[in-house]
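Peer 1: Structure below; questions to follow.
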Amino acid sequence: GWLEKGHHIVENRGEHTFVSDAGIETAIADLGVGRNMVKAIRHWGIAAGFFELNDGILKNSETSKTLLDSENGKDPYLESMTSLWKIHYEMVKSPKNTLLHWMFNYFNETVFDKSLMFNRLMEFMDKNEMPVSDKKADTIHKDITVALATYCPKKNTAQKDDDISSPLAELNLIKLSEDNRYSFNLGEKRTLENKLIVSCLIDFWETKSAGSKQTLKFENALHDPNSPGRIFLMSETDLSERLSKIEEITNGAVSWSETAGIQQLSIRPRANKSDLLCLWEECLS
């Protein structure tokens, strides 16, 4: 609910909301929450790709407008699973969301506990010459707890009214076992729409090649950081079956081929990439 409320305050109050002292005070009054909560809403709005902050000016993103605008928003209460998958994609693809970005794009353990995740993250940071102080290590431990709680449903289903799970737990991407170990769910994603996968694929393709390559190997779409395969935890079978239908989904703009054991995608030179990037919006109609 905070993303929706945050969007409308920015929509109604202007670009200095959540940024200037006066704007923060306005948000406090409008939302009826404290200063720290207002800052938390701003943080998660930026992390989820709903707010864009540049040079002290905060605006609603195109994703946010598509979903939540007062007049034309397609999912004004964020009830669609497609909206949740889109939020997940935007959060995880951004390197600024360091832990979540690493967790879905570089962490290669299927079954793990918090200690193993912490150790693998420290190895990654050491390899990339990112020193970690003792104070920062303590913060990372807390961040891991928050990240896992964001995606993992609570074991006790008899929750109290004030004990609400993150909506991203509905994606069922991470499971908690009886021995308090976690596992990534690599199974079929029935609530993940093909058109959203294609839009995210085009976004990844454009970023990876800077718009210069007309072909993309399937293994890149499956394994590379920020690829649909990595971010959505898709199996090889599931992703290949979905992408084999891409020509029909994109009305011929993108095609799938298997030649000499090589699976790859090809995009027509004159394909309207803007339309393909927005294809996910059709899932909300």
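Peer 1: Working carefully through the options G252, G261, find the one that is loosely packed, with under 14 Cβ neighbours inside 10 Å, free of Cβ contacts under 8 Å to residues at least 40 places away in the same chain and touching a Lys or Arg at 6+ places or on another chain (Cβ under 8 Å). Even if it seems obvious, please write down each step before you answer.
Peer 2: Details: G261 fails: touching a Lys or Arg at 6+ places or on another chain (Cβ under 8 Å).
That would be G252, the only listed residue that is loosely packed, with under 14 Cβ neighbours inside 10 Å, free of Cβ contacts under 8 Å to residues at least 40 places away in the same chain and touching a Lys or Arg at 6+ places or on another chain (Cβ under 8 Å).
Peer 1: With respect to R270, is the statement that it is of a type in the set (K, R), more than 29 Å from W2 (Cβ to Cβ) and open to solvent by less than 50 Å² (accessible area, probe 1.4 Å) true?
Peer 2: Details: of a type in the set (K, R): yes; more than 29 Å from W2 (Cβ to Cβ): yes; open to solvent by less than 50 Å² (accessible area, probe 1.4 Å): no.
No; evaluated as a whole, the condition is false for this residue.
Peer 1: Out of contact with any His (no Cβ under 9 Å at 6 or more places or on another chain), more than 17 Å from L233 (Cα to Cα) and of a type outside the set (A, V, I, L, M): does that describe S133? Spell out the reasoning first.
Peer 2: Working: out of contact with any His (no Cβ under 9 Å at 6 or more places or on another chain): yes; more than 17 Å from L233 (Cα to Cα): yes; of a type outside the set (A, V, I, L, M): yes.
Yes; evaluated as a whole, the condition is true for this residue.
Peer 1: Quick check on segment 1-24: of everything there that is in contact with a strand residue (DSSP E or B) (Cβ under 8 Å, 6 or more places away or on another chain) and of a type in the set (A, V, I, L, M), which residue is surrounded by the most Cβ atoms within 10 Å (Cβ to Cβ)?
Peer 2: V10
Peer 1: When segment 185-205 is examined, which residues are found to be modelled with pLDDT of 95 or more and acidic (D, E)?
Peer 2: Matches in segment 185-205: E193, D203.
Peer 1: So which helices (runs of 4 or more DSSP H) are wholly in segment 1-62 and hold at least 1 residues that are basic (K, R)? Walk me through it before giving the result.
Peer 2: Details: elements: 2-13, 21-31, 35-47.
Where helices (runs of 4 or more DSSP H) fall fully within segment 1-62 and carry at least 1 residues being basic (K, R), they are 2-13, 35-47.
Peer 1: When residues of segment 228-238 are filtered for being surrounded by 17 or more Cβ atoms within 10 Å (Cβ to Cβ) and touching a residue at least 40 places away in the same chain (Cβ under 8 Å), how many remain? Steps first, answer last, please.
Peer 2: The initial filter retains those residues of segment 228-238 that are surrounded by 17 or more Cβ atoms within 10 Å (Cβ to Cβ), namely 228-234, 238.
Keeping just the survivors that are touching a residue at least 40 places away in the same chain (Cβ under 8 Å) gives 230-234, 238.
Looking only at that region, the number is 6.
Peer 1: Which pairs have Cβ atoms under 6 Å, sit 6 or more apart or on different chains, and link a residue in segment 77-96 that is closer than 21 Å to M130 by Cα and touching a residue at least 24 places away in the same chain (Cβ under 8 Å) to one that is open to solvent by 30 Å² or more (accessible area, probe 1.4 Å) and in a loop (DSSP other than H, G, I, E, B)?
Peer 2: K93/N226
Peer 1: Continuing with this model, one more query. Within segment 110-126, which residues are in contact with a helix residue (DSSP H, G or I) (Cβ under 7 Å, 6 or more places away or on another chain) and in contact (Cβ under 8 Å) with a residue 24 or more places away in the chain?
Peer 2: Filtering segment 110-126 for residues in contact with a helix residue (DSSP H, G or I) (Cβ under 7 Å, 6 or more places away or on another chain) gives 114, 117-118, 121, 124.
K114, M117, F118 - these are the residues of segment 110-126 that are in contact with a helix residue (DSSP H, G or I) (Cβ under 7 Å, 6 or more places away or on another chain) and in contact (Cβ under 8 Å) with a residue 24 or more places away in the chain.
Peer 1: Mind telling me which of the residues Y151, Y182 ends up being touching a Leu at 6+ places or on another chain (Cβ under 6 Å), crowded, with 17+ Cβ neighbours inside 10 Å and under 17 Å from R230 (Cα atoms)? I'd like the intermediate steps shown before the answer.
Peer 2: Working: Y182 fails: under 17 Å from R230 (Cα atoms).
Answer to the selection: Y151.
Peer 1: Could you look through segment 264-285, keep only residues that are touching a helix residue (DSSP H, G or I) at 6+ places or on another chain (Cβ under 7 Å) and among the aliphatic types (A, V, I, L, M), and pick out the one that is nearest to T207 (Cα to Cα)?
Peer 2: L277
Peer 1: When segment 63-92 is examined, which residues are found to be modelled with pLDDT under 95 and under 28 Å from L233 (Cβ atoms)?
Peer 2: Selection gives Y77, L78, E79.
Peer 1: Basic (K, R) and either open to solvent by less than 60 Å² (accessible area, probe 1.4 Å) or modelled with pLDDT of 95 or more (or both): is that true of K245 in this structure? Outline the logic, then answer.
Peer 2: Numbers: basic (K, R): yes; either open to solvent by less than 60 Å² (accessible area, probe 1.4 Å) or modelled with pLDDT of 95 or more (or both): yes.
So K245 passes the test.
The values are calculated or read from the model by the stated rules, or taken from the named source; none is laboratory data. Remember, predicted model here, so these are calculated numbers, not experimental data. Here Cβ is always computed from backbone atoms with ideal geometry, including for glycine, and neighbour counts include all displayed protein chains. Calculation scope for accessible area: heavy atoms of the full protein, side chains included, ligands and nucleic acids excluded. Shrake-Rupley method; radii C 1.70, N 1.55, O 1.52, S 1.80 Å.
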